[in-house]
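The values are calculated or read from the model by the stated rules, or taken from the named source; none is laboratory data. Fair warning: this is a prediction, and the values are worked out from it, not measured in the lab. Cβ: placed from backbone, ideal geometry, glycine included. Neighbour counts: every protein chain shown.
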Amino acid sequence: MTVQLLIDSLQRLEMVYNDMLTLADDKKKAIIDNDVDAIVQLLNRESKGMKNIEQLERERVQAAYAFLQSRGVKSQLDLTLTELARLVFDPKEKANLLEVQTRLSHTLQELKLKNDLNQQLLVQSLEFIDFSLDMLTGKSSQDEAIYHHPSDRGGSSGRPGLFDTRA
């Protein structure tokens, strides 16, 4: 058995990860535009992509084990692609395997960077919402900076609600 099944599996994984990159770009735009409906749709598509990735990962592992068995390795080793490439003797197949590995690695690094950026954008959005709510409810940071005895606050939390019914 050749290493081609493993290479095909890796190429299918690369295509799905490229789709995830597109989703990450779309999600960034939706976060910036504050389009909640688009974010929900993108998260659903992302979830389907993750299920597809799980299936392709299982196929990749099976292809790697089948390749190992074809080379006479009987154990179920978890070898990296670089270690598997050492068992490929055909220079063309070896070059193809290492090329797919490099492309997939770059795609995954780019996806990680985009996901980190999207996470930072979400955190900033949540902080802005929290700040806006604090401004709406009248909570000021100046009140927090000055020590007040808990009994002087006039309530259990000291933070007035949106509707003050004590008046």
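Things worth noting here:
- Segment 1-21 residues that are closer than 21 Å to residue 49 by Cβ, paired with ones that are at pLDDT below 95 and of a type in the set (Phe, Trp, Tyr) (beta carbon under 6 Å, 6 or more apart): none
- One residue alone among 26, 37 is free of Cβ contacts under 8 Å to residues at least 60 places away in the same chain, buried (at least 16 other Cβ atoms within 10 Å of the Cβ) and assigned to a helix (DSSP H, G or I), and that residue is 26.
- Verdict on residue 20 being surrounded by 13 or more Cβ atoms within 10 Å (Cβ to Cβ), at pLDDT 90 or above and either under 18 Å from the mean Cα position of the chain (by Cα) or closer than 21 Å to residue 109 by Cα (or both): yes
- Number of the condition not met by residue 62 [criteria: (1) more than 13 Å from the chain's Cα centre (by Cα); (2) more than 30 Å from residue 128 (Cα to Cα); (3) in contact (Cβ under 8 Å) with a residue 12 or more places away in the chain]: (3)
- Of the candidates 102, 82, the single residue that is of a type outside the set (Gly, Ala, Ser) and modelled with pLDDT of 95 or more is 102.
- Failed item in (1) loosely packed, with under 15 Cβ neighbours inside 10 Å; (2) under 29 Å from the mean Cα position of the chain (by Cα); (3) under 30 Å from residue 5 (Cα atoms), with residue 90 passing the rest: (2)
- Which listed residue, of 69, 76, is in a helix (DSSP H, G or I), on the phi < 0 side of the Ramachandran plot and either surrounded by fewer than 11 Cβ atoms within 10 Å (Cβ to Cβ) or more than 20 Å from the chain's Cα centre (by Cα) (or both): 69
- Screening the candidates 87, 98 for the property of being over 30 Å from residue 26 (Cβ atoms), among the aliphatic types (A, V, I, L, M) and part of a helix (DSSP H, G or I) yields one hit, 98.
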